[in-house]
Amino acid sequence: MCKRIHRGLGTALVVLGAASLAACQSQPKTVTVTITRVVPETIVSVQTVEVMVETEAEPSPTPEPLPKDLVVCMRQEPTSLFRYGRTLPSETAVLHALYENDYTHLNYAYQPQGLVKIPSLADGDARLERVTALAGERVVAADGRVVTLQNGVVVNTADGETAVFDGSPLDMEQLVVEFSLKARVWADGTAVTAADSVYSFRLAGHPNIPADKFKTDRTASYEAIGERQVRWTGLPGFRDDTYFTNFWPPVPRHLWEAIPPNELATADLAARLPVGDGPFRLTAWEPGSFIRLEPNEFYYRRDEGYPRLNSVTFRFNPDRQALVDGLLQGGCDIITQDSVDISQSSFFLVAEADDLIAAHFQVGTVFEHIAFGVDSWRYYGDGDGRPDWFEDARVRQAMTQCTDRQSMVDDVLFGRAQVVNAFVPDTHPLFPDNAVSWPYDPAAANRLLDEVGFVDEDGDGFREDPDSGLPFAVTMGATTANIMEQQLAKIFQDNMRDCGIDVELYYLPANQWLAEGPGSPLFGRRFDLGQFAWTTADTPLCQLFASWEITGPREEVNRETGQLYAGWNGLNETGWWIPTYDRACQAAMNALPGTPEYTESHQQAIAIFTQNMPVIPLFLRLKLAVTQPNVLNFQPNPTQPSDLWNLFEIDLQMDNENQLAE
């Protein structure tokens, strides 16, 4: 028999009928046969009879494969497709289709796509040059501001020192980076050139164009040095960790330059029907309903079979449940992460188990953690208001070992999140081999606490401080609005009882818990334990735990570190610090990616952190997108904000073009 497989309601429907059988089987056919009966020497009779004989049926024509029409459902419609200043996920998604990615940002690293390569100091297509800075020239001062060099300005010199400019020439460092474009083509058949990128840079710096001016303000020059090569030169003193991204994405200069910049952002040619160099071109936009795209016949990778799809339609509906219903009924192929309510994860997992959908869980770049009040503010703790429970690193190590982080992941996040051991995940390119992990081991944790001297003398199940006799009873704060954090807090509370530690939980609104000190118990350093989330990044944020970021009044000196506090908007709420960590972190922040100092210093700082544990890192938070089961090559990534970064290679499995013959 023949089977025709239909997508709908998330299931495969098998439709059988006479027409389909006729296309597959040999059919009986009536023919006329003349039979002559013969007896020896005498013909008795001649008869004509009808008999049924089996003949081979005419071959059925091979059906044309059904078109691969992808439907992406999102909550928000783009307000514009102008290339600058776009922030909505829907805008980013459509722009991935219309314009080629110059580079991708996957797994805390960058990869070339429309560029020939990612420049690096190691390869020589990025370099630090020594230049002489003179009075009146624009430079970047030691504090990061763009200034005109004049007497009294403090700058970083080429020798790694700081100096106060007094009118005499100063040697400073200047970054120079060169980029090469692949042989890309605009959707009207015109070649993409370096001049298109230079034009884009000039637009980005124009006051009437809604683009971030941070990089353009710190650029000394951006110029074409070949048909498809450009060179970026930074201002003297600008040390940029992401120098390899200082390439301005090309725009079609031959179409846009006739339009004044102050009109460009609202011009149809740039905002409603832009001509790009990506895998698709825009063919229809029905406001409030949909945007339809079809393949760009001039896409430079067409010979590789890209894009895989025959069309892409973006549909918009602010109702999350309506989007889910559309997916289950076959009207949507993808619902992107920004349009999915992750609290519905259990529903999506059940639907996935029934082969109705595919749930794509992906860790993000936000990590949950529990901070220790190592060095509290004034009279809150540290032997003043309470025993100094957390000063000894062994206590922090033990409490980490007593925390069943994998259970938190399994019970609260369906086993889909990733436990972390530092302020970057173990999968980060800079995570060191000599990092220390503290796996769940209550027996080892109890031995460590015994070693420190916190023991249960009175047999009530809780340890006591040997000096004061006070029980090891502390509080932990979190926010009222985050149900997940409250679930984690209760697991942690139960875990700590197994180690003789009594934890009382309390919750505050986020605007109080996370406010700047001294109004916040967290950043005012008046807490025992605090649960909240930090972000992680390509460049590890070691400064989160550095001494110069300890919160406190900016005009006062930290009695422990001997340096001024960072102010109440500082980042280090734990108060923890040690000189070796500070030195490694400072060296890492002074180095540039691509140098040995950058890698070695960051890895040293991470390793020191894992030995000392000023916080208990828990896990990376999850992102979730859902698709039909037959969507191929859908690849959300922790560090790539858009789910549709690789729309050029996303495909639909059509079950052998919807024709599966048996």
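Rounded to the nearest 500 deg cm²/dmol, what is the calculated helix-only ellipticity per residue at 222 nm for the chain, with -39500 (n - 2.57) per DSSP H run of length n ≥ 4? It would help to have the intermediate numbers written out before the result.
Values: 17 runs with 140 residues, N = 662.
When only DSSP H runs of four or more count, the value is -5500 deg cm²/dmol.
When the dipole is taken about the Cα centre of the stretch 105-256, and only Lys, Arg (+1) and Asp, Glu (-1) are charged at their Cβ, what size is it in debye, to the nearest 20?
Numbers: 15 positive and 19 negative charges, 115 e Å.
My answer is approximately 560 debye.
Need one number: nm distance between label points at R447 and T475, each 7 Å from Cα along Cα→Cβ, rounded to one decimal.
Once both label points are built, they end up 3.6 nm from each other.
Output ³J(HN,Hα) for the stretch 305-319: one whole-Hz value per residue in order, computed from phi by the Karplus curve 6.51 cos²θ - 1.76 cosθ + 1.60 with θ = phi - 60°, and x for Gly and Pro.
Values per residue, Gly and Pro as x: x, 9, x, 7, 9, 8, 6, 10, 10, 9, 10, 10, 7, x, 7 Hz.
Taking θ = phi - 60°, what integer Hz values does the Karplus form 6.51 cos²θ - 1.76 cosθ + 1.60 yield along the stretch 167-178, in sequence order, with x for Gly and Pro?
Using θ = phi - 60°, the values come out as x, 7, x, 10, 7, 10, 9, 9, 7, 10, 9, 10 Hz.
Would you kindly state how much longer the chain becomes between E457 and Q113 on full extension, computed as 0.36 nm times their sequence separation minus their alpha carbon distance, in nm to one decimal?
Working: separation 344, 0.36 × 344 = 123.84 nm, distance 6.46 nm.
Residue separation times 0.36 nm, minus the Cα-Cα distance, leaves 117.4 nm.
What number in nm² do you get for the stretch 115-187 if you take the convex hull of its Cα atoms and divide its surface by four? Each step should come with its number before you reach the end.
Values: hull surface 27.7 nm².
Orientation-averaged projected area of the Cα hull: 6.9 nm².
Report which label in (i) 247; (ii) 172; (iii) 163 holds the value of volume of the Cα convex hull per residue in Å³ derived from the coordinates of this structure.
The listed entry that was calculated here is (i).
If I stretch the segment between D502 and R394 completely, what's the gain in nm (0.36 nm per residue apart, minus their alpha carbon distance), one decimal?
On the way: separation 108, 0.36 × 108 = 38.88 nm, distance 1.78 nm.
Here the answer is 37.1 nm.
Post the alpha-carbon centroid distance, the stretch 368-407 to the stretch 193-231, in whole angstrom.
The stretch 368-407 and the stretch 193-231 have Cα centres spaced 49 Å from each other.
For L514 and E64, what is the calculated FRET efficiency with R₀ set at 41 Å and r taken between the beta-carbons, to the nearest 0.05? All intermediate terms of the calculation are to be shown ahead of the outcome.
Working: r = 58 Å, r/R0 = 1.42.
Given R0 = 41 Å and the Cβ-Cβ separation, E is 0.10.
If you average 1/r over every pair of different alpha-carbon atoms in the stretch 493-595 and take one over that average, what Kirkwood value in Å do you get?
Numbers: mean 1/r = 0.0649 Å⁻¹.
After inverting the pairwise mean of 1/r, the radius is 15.4 Å.
Quick one: work out Rg over Rh on the C-alpha atoms of the stretch 364-621, Rh as Kirkwood radius.
0.95
Starting from the Cα of T162, step 7 Å along the direction of its Cβ; do the same at S407; then give the gap between the two resulting points in nm.
Reported label-point gap for T162 and S407 is 4.9 nm.
Just want the answer: with Cβ charges of +1 for Lys and Arg and -1 for Asp and Glu, which residue in N421, T190, F523 is farthest toward the dipole's positive end in the chain?
T190
When the dipole is taken about the Cα centre of the stretch 488-594, and only Lys, Arg (+1) and Asp, Glu (-1) are charged at their Cβ, what size is it in debye, to the nearest 20? Write down the numbers at each step before the final one.
Values: 7 positive and 13 negative charges, 22 e Å.
The dipole of the stretch 488-594 has a size of about 100 debye.
Among residues other than V72 whose Cβ falls under 10 Å from its Cβ, what is the net charge (Lys/Arg +1, Asp/Glu -1)?
Values: positive: R315; negative: D333, D643.
My count for the surroundings of V72 gives -1.
Using a Förster distance of 60 angstrom, determine the FRET efficiency expected from the C-beta separation of E556 and D494, and round it to 0.05. Present the calculation step by step, with values, prior to reporting the outcome.
Working: r = 39 Å, r/R0 = 0.66.
That pair, E556 with D494, gives E of 0.95.
For F290 and R145, what does the FRET efficiency come to when R0 = 51 Å and r is the distance between their Cβ atoms, rounded to the nearest 0.05?
According to the calculation, E is roughly 0.65.
So if I take the centroid of the Cα atoms in the stretch 102-152 and the same for the stretch 586-661, what is the distance between those two points in Å?
25
With charges only on Cβ, +1 for K and R and -1 for D and E, what is the dipole size of the chain about its Cα centre, in debye, rounded to 20?
Value, rounded to 20: 1980 debye.
Run the quick spin-label model on R202 and V154: label points 7 Å from Cα toward the beta carbon, then report their separation in nm to one decimal.
According to this spin-label approximation, the distance is 3.9 nm.
If you average the C-alpha positions of the stretch 530-563 and of the stretch 62-86 separately, how far apart do those two centres end up, in angstrom?
The two parts, judged by their Cα centres, are 44 Å apart.
Which residues among the stretch 325-347 fall inside the zone where the amide N is under 12 Å from a point 7 Å beyond the Cα of D319, along Cα→Cβ?
Output list for this probe position: 325-326.
Taken together, the values in this text are just the output of simple stated rules run on the coordinates, not laboratory data. Everything numeric in this text was worked out from a predicted model, so none of it was measured. No Cβ is skipped: glycine too gets one built from the backbone with ideal geometry, and neighbour counts run over all protein chains shown.
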